[in-house]
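Structure, as structure tokens:
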Amino acid sequence: MTTDSQYQDFVPPHRLLMGPGPSMVHPRVLQALSQPLLGHLDPVFLTLMNDIQALLRATFHTQNEFTIALSGTGSAGMEAVIANLIEPGDRAIVGVNGVFGTRLATMIERSGGLPIRIEAPWGATIPIEALEQELARSAPVKALVLVHAETSTGALQPLEDVGALCRAHDALLIVDAVTSLGGIPVEVDTWGIDACYSGTQKCLSCPPGLAPLTVSPRGMGVIRQRRAPCHSWYLDLSLIADYWNDHSRAYHHTAPISMLYGLREALRLVHEEGLPARAARHQVNSDALMSGLRTLGLSPLPPPGHRLPMLNCVTLPDGIDEAMMRTQLLQQYGIEIGGGLGPLRGRVWRIGLMGESCRQAHVLTLLNALEEIFAGQGRLTQPGRAVQAATETYTHSLGSARRGA
């Protein structure tokens, strides 16, 4: 058998990506990804790196000089921050209310640190009073580590007052913004965040493969003054900083050139829309989605005021074979949504409205497909109510916007 007959062209099916990531990608980003390669030390490419840094600073709302796109997915950003800021014996408080808080605690342990876990039920957030009590009780503490947007539960962790609390206790504030960056405000400087990382495949709507990352001067001082070098050479931020520094550009590794093309274009799209408008779009589409899902008997897991608009985690009615329904959505309608993880497995759906996936047409398409599936199982007596409820939410939102203009 020849190679030509054994391996045909790969043409992926069209999917409407409405799971916990990746999200849909704008055609302009796909076009950017296809541009001819440059060398990773080519002066023209280095100019593109400067553009990315400036765009990321605006997206993170920071003036931090060390603001880069790390080679690797969001998990690489997570590991880089922990590996560089936590040394053996360091005590770090970590909020654990889902998969990614748990993963952070594990990474702290693997770096030789001592994680002090503050736990909350999955779907809940960590009260600031609990953080303050633990910072006082466990002093000295090297860092407080929190997940801003817990992708496994759809919970939004308040951060506005945490940075000042950390400084009062001489602790760093480390924040996971993998799902929140580009969808809701992430105010690195205003909130006093010392290290914040994200991923490209969520609300930035770029393919997975890069981890936007910013570290404050305070955080970089800690990295530069480590007792021993970072145990990971590849993720050593003190070395990577020299590559992204416009004055040195010291070779560290070959950057993923095409991915950086794509990220630059994705960030341009973010700022053409404007961060406030982008946040408003995520919220109105989430509100409409939830209006429709409630008519089907689905309800949000996190409490009011702590729900992510870009990752809608909903509990399911009794008796539903949720895995079968998700398979039906994918195979018959080409729509991907996510199931639950850990203790939420089989109990929830996680529906992503991230970046390019966050569109009115996509919300209505999903609700219409769910209505057909529910009706086919005899679970829906009045088809059309979910789409109608969402449409009414859009109409009300449009009216409110016009009155406020």
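The values are calculated or read from the model by the stated rules, or taken from the named source; none is laboratory data. Computed from a predicted structure; not experimentally measured. Quick reminder, even Gly has a Cβ in these numbers, built from the backbone with ideal geometry, and neighbours come from all protein chains shown. Only protein heavy atoms, including side chains, enter the accessible area calculation; ligands, DNA and RNA are left aside. Shrake-Rupley method; radii C 1.70, N 1.55, O 1.52, S 1.80 Å.
Running a GNM on the chain with Cα contacts under 10 Å, which residue among 317, 12, 343 ends up with the highest mean-square fluctuation? Among 317, 12, 343, the largest GNM mean-square fluctuation belongs to 12. Taking mean projected area of the Cα convex hull in nm² as the quantity of interest, determine which of (1) 23.0; (2) 19.2; (3) 20.6 was computed from the displayed structure. Label of the calculated value: (1). In the chain, the DSSP-assigned H stretches of four residues or longer account for a calculated mean residue ellipticity at 222 nm of -13500 deg cm²/dmol, using -39500 (n - 2.57) per stretch and the full residue count as denominator. When you restrict to C-alpha pairs under 8 Å that are six or more residues apart and normalise by the size of segment 51-146, the relative contact order lands at 27 percent. Between residue 189 and residue 379, residue separation times 0.36 nm minus the direct Cα-Cα distance comes to 63.5 nm. Determine, from the Cβ-Cβ distance of residue 392 and residue 133 and an R0 of 45 Å, the FRET efficiency 1/(1 + (r/R0)^6), rounded to the nearest 0.05. E(calc), rounded to 0.05, equals 0.55. Between residue 114 and residue 38, full extension at 0.36 nm per residue minus the direct alpha carbon distance yields a gain of 23.0 nm. Here is the list for segment 170-241: trypsin sites (Lys or Arg not before Pro) lying in DSSP coil, each with at most 10 other C-beta atoms within 10 angstrom of its C-beta, are 227. Between residue 332 and residue 15, the modelled labels are 1.9 nm apart [label points 7 Å from Cα along Cα→Cβ].
Segment 143-204 and segment 282-359 have Cα centres separated by 23 Å. With K and R counted +1 and D and E -1, the other residues having a Cβ less than 10 Å from that of residue 17 yield a net charge of -1. Computed over the chain, relative contact order equals 22 percent, with contacts defined as Cα pairs under 8 Å that lie 6+ residues apart. Residue 26 contributes about 50 Å² of solvent-accessible surface, heavy atoms of the protein only, 1.4 Å probe. Are there chymotrypsin sites (Phe, Trp or Tyr not before Pro) in segment 222-254 that DSSP marks as loop and that have at most 12 other Cβ atoms within 10 Å, and which are they? Taking segment 222-254 and a limit of 12 other Cβ atoms within 10 Å, the loop chymotrypsin sites (Phe, Trp or Tyr not before Pro) found are 233, 251. Fraction of C-alpha pairs exceeding 18 angstrom in segment 203-261: 45 percent, rounded to a whole number.
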